[in-house]
1. Under the 0.36 nm per residue contour assumption, what length would be gained going from the current alpha-carbon distance of Ala599 and Asp38 to full extension?
2. Helix-only estimate, please: 222 nm mean residue ellipticity of the chain, summing -39500 (n - 2.57) across DSSP H runs of length 4 or more and dividing by its residues, to the nearest 500.
3. Within 10 Å of each candidate Cβ there may be at most 11 other Cβ atoms; applying that plus a DSSP loop requirement, which GluC sites (Glu not before Pro) in the stretch 213-270 survive?
4. Want the number for Asp309 to Ala348: 0.36 nm per residue separation, take away the alpha-carbon distance, what's left?
5. Out of residues 5 or more away from Lys531 or on other chains, whose amide H comes under 5 Å of its own, with H placed 1.01 Å from N in the peptide plane?
6. Tell me which of Ile421, His662, Ala364 sits at the most positive position along the dipole axis of the chain, charges placed on C-beta atoms (Lys, Arg +1; Asp, Glu -1).
7. Only Lys, Arg, Asp and Glu count, each charged at its Cβ (+1, +1, -1, -1), so figure out the dipole size of the chain about its Cα centre, rounded to 20 debye.
8. If I take R0 = 51 Å and measure r between the Cβ atoms of Thr412 and Ala72 in this structure, what FRET efficiency does the formula 1/(1 + (r/R0)^6) give, to the nearest 0.05?
Amino acid sequence: MLAMLAHASVAAPIADLSSPPPVPAVPAAPPVAARVNDARVIAADNEPGQWLAHGRTFDEQRFSPLTKISDANVTRLGLAWAWEPGTTRGMEATPLVIDGVMYATGEWSRVYALDAKTGKPIWTYDPYVPGAKGRDACCDVVNRGIAAWEGRLYLGALDGRLICIDAATGKPLWEKQTTDTSRPYTITGAPRIVKGKVIIGNGGAEFGVRGYFSAYDAASGEMLWRFYTVPASKSGPFENPELELAATTWSKDSAWDSGLGGTVWDSMAYDPELDLLYVGVGNASVYNRAQRSPGGGDNLFVSSILAVDPDDGRMKWHYQTTPGEQWDYTATQHMILADLEVPPRPDANGHVGAKSLRKVLLQAPKNGYFYVLDRTNGELLSAAPYIATSWATGIDLVSGRPYQREEADWATTSRRVTPGIPGGHNWHPMAFSPKSGLVYIPTFESVYEFIPDPEYRWKPGVINTSESWSGIAERLEGFEAVAKENVRTHLTAWDPVAARQAWRVELGQGIPAGVLATAGGLVFQGTTWGKLRAYAANSGVTLWQGDTGTGVMAPPITYEVDGEQYVAVVAGLGGSQGGHYIRFPNENPGRILAFKLDARTPLPPMPRAPRRPGTLGNPIQAPVLEASAETLKQGRALYALNCSRCHGLGVEASGLYPDLRHSSADVFASWKGIVLGGAFASRGMASFADVLTEQEAEAIRAYVAERALHEPGWLEWFGHQLAGRVQFPARWLAD
Ligand code: CA
């Protein structure tokens, strides 16, 4: 269940979601802005003031050669401009900056073109994603960015459309539905453009979809090829020949209904010399392998890195990071291409030969190991844990396979596993500095208990992880319980040659934001608590910290306009962690902020969250309902399965989504119309009539009302208000 009251209370400068304008059938006049092509991206270092592609360059290093802002003067950094798009949900985008114009994306797949020098809006584009589609988004209605090519921009919209936009005007030129709209596919990742082909994947593995990625002709929108990452059945059809190999790694009794997952929802990189496109593949669906592929199997190509020929989509090599994955261990995490002097892997006697220059691919997938692969052939060069791991004791460098621990197999028994669901590293992009030789990884320390559900059956329209949701509800009722499992976050500097940590900055609880490295000897990263920081690239010492007000998850970028260097970041919390274990005192306004030397623009004020009901003069309005213990238990399990990923486990919301305990008497009275009738569908709260009966919706209402009446007393509220005077509650200021 998604945003209701909070979403409605913010003045949005963009028209409401219900009235999309028609998309013109004939392309408009020739475009004049954002003239980007392969040659320009390949030569990006010749114009370092631009940010032409998602990871700046095809190798996705997120390293800028700009040096005007450096470790010698970064203390003079100040706010140049801030612009608020009128959003309150998660903001994850990497903006592009092309010839003085910034192109960013925000919630509900909206696109913003701004003057990169002043922050003044040039145009905004709203693809009018139906609000009810928010229900299919596992991890908020976010978007991570846009691609540019020959005057046009390419957007993957949440509802699965690939939309081509005139970069000069913000007007749509064409759109293609890239997904089966009868399945819960979503797109949140940035398309990449290689040789005039738009490469786009999708997400949805938690609900049950079949993963793939496709190439579309950037000019015409015609689909050129599609690569399914998992087979549709044991015996085909094998839409792409690689599926013949994949099918041998699945049981004939696999959970074909669930689609098997393997979604390609984020990372890609391209090597123009080798002419290879690298794609990261996500987790399997359902999670429990004993139920997904009875009898076992590696289950290719889930949790794999694929190298394909961008011309025809044919695979050159693959490497599976987590064979038979059963812990949501995606390999969709950011991949970086670099040329490094590395030793070869040890021979059979353990002997390590001399270092040599290798073309490598670097990834820190969710499973906690940092992989260095030879990207010409997929050979594993090294794999070492960048964070504590309990599912494996190491990786065999000869076979490339992990030594998995029996104790992590949750086929029939609950198991606590590290890293947990967030992974050791999630979507937040890392960065590599060729100067320091270090990779900067936003890392999580987490633990998660996987609880099997022997009764599990695939059911359309709900989370299909195969976990016991009544078990999860019992274990994780409220913030404190969830927070205990998401222990710490940090910025980890990793030496990919020595395969060990160089240094680490502790960030406390929260979300470790994406990273930018620069030739000025700096690493930039935002914080959950409303700061942008610059660290010394060699040591991790904090050299500067500026206010963003709103918490940051997205990676900063840097660019130059009229000879001045800027560092910009998109701010706004949300995403998969935002709803769950952090309570926010403010309204979470989305912001795009740009900093430069000696600037003094004041930060826009932070709107406070509305006063919480259940406090002085503001009573809880939940009705006292006659509900049996059995009904409350049923409501709790149904709430956990259907409602918790937005409104919070145990009905404790972060403040980004409505806390249902604080619902008005009207909402409790109109419950059926909202939950089953879809009364708030346009705001993101879809009808659940396809998965809940009237009795079940009522059981959820009873559970929510019961939780509301157990709202913590005024003492906690008083502490919250007192700490609120200094903007953030005191325990957070330690950060
Ligand atoms: Ca997942």
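1. Working: separation 561, 0.36 × 561 = 201.96 nm, distance 3.49 nm.
Working it through step by step, the gained length comes to 198.5 nm.
2. Numbers: 14 runs with 95 residues, N = 735.
Using -39500 (n - 2.57) per qualifying helix, the result is -3000 deg cm²/dmol.
3. Details: sites: Glu222, Glu239, Glu242, Glu244; in loops: Glu222, Glu239.
Listed in order of number, the matching sites are Glu222.
4. Numbers: separation 39, 0.36 × 39 = 14.04 nm, distance 3.24 nm.
That works out to 10.8 nm of additional length.
5. Thr548, Val552
6. Projecting each Cα onto the dipole axis, the largest value belongs to His662.
7. For the chain, the charge dipole is close to 1040 debye.
8. Numbers: r = 60 Å, r/R0 = 1.17.
Efficiency for this residue pair is about 0.30.
All of the numbers you see were taken from the coordinates with simple rules; none came from a lab. All values reported here derive from a predicted model rather than from experimental measurement. Positions of Cβ are generated from backbone atoms using ideal geometry, with glycine treated the same way; all protein chains shown enter the neighbour counts.
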